[in-house]
Every structure is written in structure tokens, then in C-alpha cells.
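Laboratory data are not the source of any read-out in this text; all were calculated from the coordinates shown. Just so we're clear, the structure is a prediction, and the values are computed from it rather than from any experiment. Neighbour counts run over all protein chains shown; Cβ positions are idealised from the backbone, glycine included.
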Amino acid sequence: MLLTVLRRAAQSVPLVFVVSILVFALLHAAPGGPLSVYLENPGVRPEDIERLRRALGLDLPLPTQYLHWLGAFARGEWGFSLSDGRPVADRMLERAPATLELAVASLAVALLAALPLGVLSAIRRGGWFDRITGVGALAGISLPVFWFGLVLQLSIAIGLGWLPSSGRSSAFDHGAVDRIRHLVLPAIVLAAVHAAGWSRYLRSSMIGILSQRFILAGESRGIPRKVLVLRHALRNAAGPLLTVVLMDAAFLVSGAVVTESVFAWPGLGALFTEALARRDYPVLMAFLMVTSVAVIVLNLLADLAHRTLDPRTR
């Protein structure tokens with residue numbers, strides 16, 4: 001197991017390096033830039049723009065800019081935001097708790113919905129419940145996140161007034177109940193797609209396991225159906241499901257970009273949207289590198305978890 005971890009970690013280093021090159025090149029190749037707002041201002045002189053370009057290092061060749069950024073990033077110096085001059089690390093650290101809160105809540109909601117739906121659909125395969133959950137899963141996977149979020153805002157938050165429509169807390173109330181009320185709608189929106197996919201994946205795994213010989217042998221020995229399903233079938237299906245959950249967990253952070261924008265949630269996704277609009281290269285690079293490393297690390301954890309739960313894969 002230790003050799004597997006070391007080998008996968010060694011393979012991840014060149015992957016992160018290639019990702020950083022592609023991301024850096026694509027960002028700088030996009031139209032506009034951090035100085036585009038000054039170019040549209042007739043009161044800013046060309047020599048002022050050139051002075052800013054030299055101060056920010058934008059006059060250097062692109063490979064030189066990349067090497068400067070890579071050396072600083074490897075030393076833990078993520079640079080300063082081009083929009084407000086604050087350290088990028090500070091801006092990301094102050095936004096990270098909100099995104100982690102939303103990701104954990106969405107993960108919990110998705111699992112709480114996917115587990116019973118997947119198990120019951122497998123047990124009642126072909127019945128009315130299986131058909132309804134199948135249609136619901138297809139709808140959950142197909143619906144655009146931003147559209148689903150707007151529908152919940154208009155119907156539940158604005159129409160019925162049951163929950164807040166945006167933000168992380170009220171202006172004059174920062175209690176736990178108020179925070180939970182603000183968290184409900186974005187967590188449901190972010191969990192919907194994952195719950196739909198996980199429930200169908202668990203259903204397929206459970207159907208395959210329930211048809212195996214050891215389940216049939218248990219039934220012939222008089223073991224209760226409930227024990228066979230929950231203790232044996234679900235336990236064997238949990239390994240592959242855990243792998244999928246860990247692989248999707250990293251995308252909860254990157255997928256929160258749209259959700260946080262719709263609900264004005266002050267997390268990393270909203271920070272990325274703001275930085276993208278302003279072409280804030282240091283913030284964009286830091287966000288994309290952090291999410292890329294998170295995907296690689298969670299993929300490694302998913303592989304190790306699957307090997308641990310299923311000895312046949314070792």
C-alpha cells in the first residue's frame with residue numbers, strides 16, 4: 001500500500017506540472033487582461049498603462065512569466081491579487097470555509113438521498129418505485145444547475161418565503177439556525193446531480209450483487225432478506241460507491257462556482273467568478289491549481305479506499 005501511494009504521488013507531479021502549463025497559457029491567451037479596464041478609460045495615458053504593465057511583469061515574455069510564477073508558487077508565494085493588492089493566499093483562506101461548508105452539506109444531502117433510493121430501487125427492480133426514481137435521476141442529471149437554483153429561489157424563497165434566497169447569513173443574525181436556513185437551498189441544488197448519479201450507480205451495483213451465488217445461498221439457509229441486503233449486498237456495493245463519491249467530492253468545489261454565483265454564496269466559487277471577470281491572473285491560477293491538486297489527491301484516496309474495502313483489487 002505504501003509503495004502504491006508513493007508511486008501514484010510520483011506520477012502526480014508531472015501531471016500537476018502539465019496542468020499548470022495549460023492553465024497558464026489558456027488564461028493569458030484569453031481576450032482582454034487585467035489592464036483592459038484602463039484601456040477603455042480615455043483619462044488614462046498610454047505611458048501610465050505601460051508603467052503598470054512593467055510593474056505587474058506583463059511586459060515579459062510568456063515563458064518568463066510562467067517560470068517566475070512557478071518558482072514563487074513552489075515556494076508558497078501565491079502572489080498578490082491584481083484587483084485589490086491583497087495576498088492571494090489570504091483571499092482564498094477567508095473564502096475556503098464557506099465553500100467547505102457548502103461542499104460537506106451537499107455531500108451529506110446527496111448520500112442521504114442516494115443510499116435509500118439506490119437500495120430500494122435495486123430491491124424493487126422494475127416496479128413503480130424504480131421507474132419513478134429512474135425518471136427523477138434522469139431529471140436530476142439533465143437539469144442545468146443555474147436553472148434549478150433560480151427555480152428554487154423563485155418558488156421556495158421568494159414565492160413561499162420559507163428560506164432566504166441568497167447569502168450565507170442575515171445582516172443582523174449570524175446564529176446557527178440562520179446559517180442553516182441559508183445553506184439549505186444551495187446544498188440541495190449542488191447535491192441534486194450527484195445524488196441522481198450515485199443512486200443509479202448504487203442500484204446497478206446492488207442488482208449485480210443480489211444475483212450472485214452467496215446471496216442465493218444465504219436465502220436458501222433462511223437468512224432474512226433484510227440482513228442479506230443491508231449487511232452483505234450493501235457492504236459489497238459500498239466500496240465502488242465510495243470510490244465514485246471521493247472522485248466526485250473534488251468536483252463539488254469546482255462545481256460550486258455556478259451554485260455560489262446564483263445564491264451569492266461567499267465562497268471560492270464566487271471568488272473565481274469575480275477574478276475571471278477582472279482577469280485577476282494570480283487568483284485564477286491559485287484556484288485552478290488548488291482544485292487540480294484536490295482532484296488528484298481525492299482520486300488517490302478513492303483508489304486506496306477501494307483497495308482497502310475490496311481485497312480482490314490489491
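Here is how the numbers come out for the structure above:
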{"read-out": "Phi to ³J(HN,Hα) by Karplus 6.51 cos²θ - 1.76 cosθ + 1.60 over the range 152-158, Hz, x for Gly, Pro", "value": "5, 4, 5, 7, 8, 7, 8"}
{"read-out": "J(HN,Hα) series, the range 4-11, from Karplus relation 6.51 cos²θ - 1.76 cosθ + 1.60, nearest Hz, glycine and proline x", "value": "5, 4, 5, 5, 5, 5, 5, 6"}
{"read-out": "Distant alpha-carbon pairs in the range 1-124 (separation over 22 angstrom), percent", "value": "62"}
{"read-out": "Rounded, prolate or oblate (a/c below 1.5 giving rounded, otherwise prolate when a/b exceeds b/c) for the range 79-128 by Cα gyration tensor", "value": "prolate"}
{"read-out": "Summed side-chain charge close to residue 82 - residues other than residue 82 whose Cβ falls under 13 Å, Lys, Arg +1, Asp, Glu -1", "value": "+2"}
{"read-out": "Kirkwood hydrodynamic radius (C-alpha pairs) into Stokes-Einstein, the range 226-285, 10 °C and 1.306 mPa s, D in µm²/s", "value": "113"}
{"read-out": "Centre separation in Å (Cα based) which lies between the range 283-307 and the range 127-163", "value": "29"}
{"read-out": "Distant-in-sequence amide H partners of residue 80 (H built 1.01 Å from N, under 5 Å)", "value": "88"}
{"read-out": "Sequence-separation-based contact order of the chain, relative, with Cα cut under 8 Å and 6+ spacing, percent", "value": "26"}
{"read-out": "Cα-based equivalent ellipsoid of the range 88-313: semi-axis lengths in Å, sorted from largest, via gyration tensor", "value": "37, 22, 14"}
{"read-out": "Local electrostatic count at residue 265 - Lys and Arg +1, Asp and Glu -1, tallied over other residues with Cβ under 11 Å", "value": "0"}
{"read-out": "Distance from the range 86-123 to the range 176-236 (C-alpha centre basis), Å", "value": "18"}
{"read-out": "C-alpha long axis of helix 268-278 to longest principal axis of the chain, angle in °", "value": "30"}
{"read-out": "Cα lying deepest toward the dipole's positive end in the range 88-313, options 109, 236, 201, charges on Cβ", "value": "236"}
